[in-house]
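Student: The structure's right below; bear with me while I get my questions together.
The values are calculated or read from the model by the stated rules, or taken from the named source; none is laboratory data. Computed from a prediction, not measured in an experiment: that's the story for all the values here. Cβ sites come from the backbone with ideal geometry, for glycine too, and all protein chains shown count toward neighbours. All accessible areas refer to the heavy atoms of the entire protein, side chains included, with ligands and DNA or RNA removed. Shrake-Rupley method; radii C 1.70, N 1.55, O 1.52, S 1.80 Å.
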Amino acid sequence: MTSYGAVASRGDAANDPRRREAAYGWTLGGLLLCSAVGFVAQRGSPAAAPAAALRAAAPQEKTRSDGATQPHLLIAVVDDMGYGDAPWNSVDFNDATMPYVTRLRAEGLNLETFYTAAQCTPSRSMLMTGRHSTTLGMDTTMDWDAVGGLNTSVQILPSALEANFPGVYGKVLVGKWDLGHAYDGFLPTNRGFDTYHGMLASAYSDWFAHTACDPSQVVCSSPYENLALVDLMSNAQPDPTDYGGKYATDMWQADARTACESLTRSRLYLQLNFNAVHNPVGVPETWFANPGDQDAELAESQAPLTDNTTIVERQELAGALLRVDRAIQATFADFDELLEGGTANTVFLFMSDNGALVSGGGSNYPFRGDKTTAWEGGCRTPAFFWLGDDFAAAAGVDASIFGATYASLFHISDVMPTVLGGLLGAAELPGDLYGLDLSDDLFFAPNAGTTVRDSVFYLTGYNGPHDSGSPEEGGRGRAANSITLAYRDATYKVVMNSGYCAVSDPRLRTGTNTCESTWLGESYLFDIVDDPRSRTTSSPTRPTRTSSTRCARPSRTSTTPSSAAPTRASWTGPTPSSGTASPTPRATGASRAARATRSTSRPSSTRPSTARPCPRPRRTRRSSSGSPTTRRARRTCPSTTSGPR
């Protein structure tokens, strides 16, 4: 897979209303951000090699479709999928974990430096609005009892679609919302979606009963601790349907097909938000009840995970990802069967909303940190674009991007302006977005550097009780009402007011939390290009810490213009697990244009399946009477390799 894209250093951003990182920092970060960014400047990062942050070159001429020939839009969001959970990045998952999605990624445009927030709600607010979660006041998650929500005066993606292409798109949300539900105005069908079926809060405690909390598993807060609260909505009303314990991922897949079947407009925008693989992870018990009778793909996905260095949750997470993969494959088949133009006229974006929860079986390897932290592991996630052949040809997309990796910065807030403004040609978008339209650099003029993101600002808020227990006690290292800040530019990343986080290798771990149990108010600086794992050169255990001395506010304007931004050397990630088969690259050029249809059949695997998972005791499931069964004890498989857990 080829790599392109240059990460620009800091430059003249004062006159561009979209470049708001500095303003956010001074408002919320105070002297912490001042000191940290000042220290970056003293280290000679952007000042030593100045370049224009946004080069004002004439935009590349693009071919736009009229409303009748716009593409279908499919955005699939996986919940809490870490960088190291994606088979193409993983050191322990093979391609059989997500065979169809792995194939799509090999045919599409991989976003190597895709940044999100470190929690669900902030990320989803930025995806839907193109604004920074800080300006939206959406920096913590919307649990089942949350009273806040996304400001109803802010335009979100479906309403922006309707404003630009009236009457063209049917707009459907399936799955997780997590942007507020305390009153009707917050609900998806009052924010621009035509139909909605899914969950309002941040997680399911039971993927079969569709409960937000349950006395047998995740206990509700007082006075509801003895209740099981079902979180399933149909448009703006609770869904009373008895789904008979239907697995949540399978239900979302069925809803996606319904969206295709019931479409009354010419084009479909489907937002497919899985609750997988948010902790606690659920998988159908039949998948693991009889290991000798598993389907071949599940057995193959489990093959690398059967030795004594892997915790049970890691195996279950792989199974949950395989079900997501099958749901996406089925949705592609539904598009081809039921929609005009099918997937050949579709724009598809696959992404995760934030990093993985390591103690829940996820992996952010090789990066430091966990979900909820501002370290790379908390907010750098897998993502890629896939464009249908017919749309790509009609829009004038450069064929060289297919099968390539985009190495420049891409922030989750860039999705809305890049897709709506860049790919779809929407003429009316808010002018004060944090997100940038990066479509020229991504799709139409690779390496021209017409618009390049130069930096990313992070804020991770926590408004819960003090939680500074040790990792062994399940502590998350969070102080009550605490805020962590981070800032990344072309070369450096600084993390402020944070405990130190380690790298957790999924092959050598016990599944405990990877971050310190106390917040020391410290700041850390590292070269993120040369040292993506945030390892230090001056200390064997920690990256270099920033100076705590007072600093002056650094200039955001380059005084020595440069004709080109420094090029970021592509980092290809960890070596795939042994035996990983490389998917066949997508056809390009004349062969792409000549191909009239795309097969959605699952590609055959070349990896032999010689190992099977060890027998699995039962986990919490629904009994035939509908009541939950007891939770099984953790077990280990017979040892096949030596080494620490």
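Student: Could you give me the residue pairs with C-beta distances under 6 Å whose first residue belongs to the stretch 180-192 and is more than 17 Å from Val147 (Cβ to Cβ), whose second residue is open to solvent by 40 Å² or more (accessible area, probe 1.4 Å) and part of a loop (DSSP other than H, G, I, E, B) wherever it lies, and which are 6+ apart or on separate chains?
Tutor: Within 6 Å, the pairs are Thr189/Asn235.
Student: Could I ask something else about it? Quick one: in the stretch 109-144, of everything that is part of a loop (DSSP other than H, G, I, E, B) and among the β-branched types (Val, Ile, Thr), which residue is farthest from Ala201 (Cα to Cα)?
Tutor: Among those that are part of a loop (DSSP other than H, G, I, E, B) and among the β-branched types (Val, Ile, Thr), it is Thr116.
Student: Across the stretch 149-178, which residue is nearest to Arg131 (Cα to Cα) among those that are touching a Ser or Thr at 6+ places or on another chain (Cβ under 6 Å) and open to solvent by less than 10 Å² (accessible area, probe 1.4 Å)?
Tutor: Across the stretch 149-178, the extreme among qualifying residues is Ile156.
Student: Suppose we keep only residues that are out of contact with any Leu (no Cβ under 7 Å at 6 or more places or on another chain), within 30 Å of Leu305 (Cβ to Cβ) and of a type outside the set (A, V, I, L, M) within the stretch 489-508. Which one would you say is most open to solvent (accessible area, probe 1.4 Å)?
Tutor: Among residues in the stretch 489-508 that are out of contact with any Leu (no Cβ under 7 Å at 6 or more places or on another chain), within 30 Å of Leu305 (Cβ to Cβ) and of a type outside the set (A, V, I, L, M), the one most open to solvent (accessible area, probe 1.4 Å) is Arg507.
Student: Another question, if that's okay. Sort out which residues of the stretch 198-221 are over 21 Å from the mean Cα position of the chain (by Cα) and not in a loop (DSSP other than H, G, I, E, B), and write them in order of number.
Tutor: Correct list: Asp206, Thr211, Ala212, Cys213.
Student: Tell me whether the stretch 384-398 contains one or more residues that are touching a helix residue (DSSP H, G or I) at 6+ places or on another chain (Cβ under 7 Å), closer than 30 Å to Arg533 by Cα and open to solvent by less than 10 Å² (accessible area, probe 1.4 Å).
Tutor: yes
Student: Exactly one of these conditions fails for Arg368: (1) farther than 30 Å from Asp527 by Cα; (2) charged (D, E, K, R); (3) touching a Pro at 6+ places or on another chain (Cβ under 9 Å). Give me its number.
Tutor: Only one criterion in (1) farther than 30 Å from Asp527 by Cα; (2) charged (D, E, K, R); (3) touching a Pro at 6+ places or on another chain (Cβ under 9 Å) is unmet by Arg368, namely (1).
Student: Check whether at least one residue in the stretch 395-405 is touching a Phe, Trp or Tyr at 6+ places or on another chain (Cβ under 7 Å) and among the hydroxyl-bearing types (Ser, Thr, Tyr), and report yes or no.
Tutor: So far as the stretch 395-405 goes, no, none of its residues is touching a Phe, Trp or Tyr at 6+ places or on another chain (Cβ under 7 Å) and among the hydroxyl-bearing types (Ser, Thr, Tyr).
Student: Only one of (1) open to solvent by 30 Å² or more (accessible area, probe 1.4 Å); (2) touching a helix residue (DSSP H, G or I) at 6+ places or on another chain (Cβ under 9 Å); (3) within 27 Å of Tyr434 (Cβ to Cβ); (4) hydroxyl-bearing (Ser, Thr, Tyr) fails for Tyr243. Which number is that?
Tutor: (3)
Student: Got a sec? Which of Thr372, Thr405 is open to solvent by 10 Å² or more (accessible area, probe 1.4 Å) and outside any strand (DSSP E or B)?
Tutor: Thr372
Student: Any residue that is touching a residue at least 24 places away in the same chain (Cβ under 8 Å) and in a loop (DSSP other than H, G, I, E, B) - is there at least one of those in the stretch 326-338?
Tutor: no
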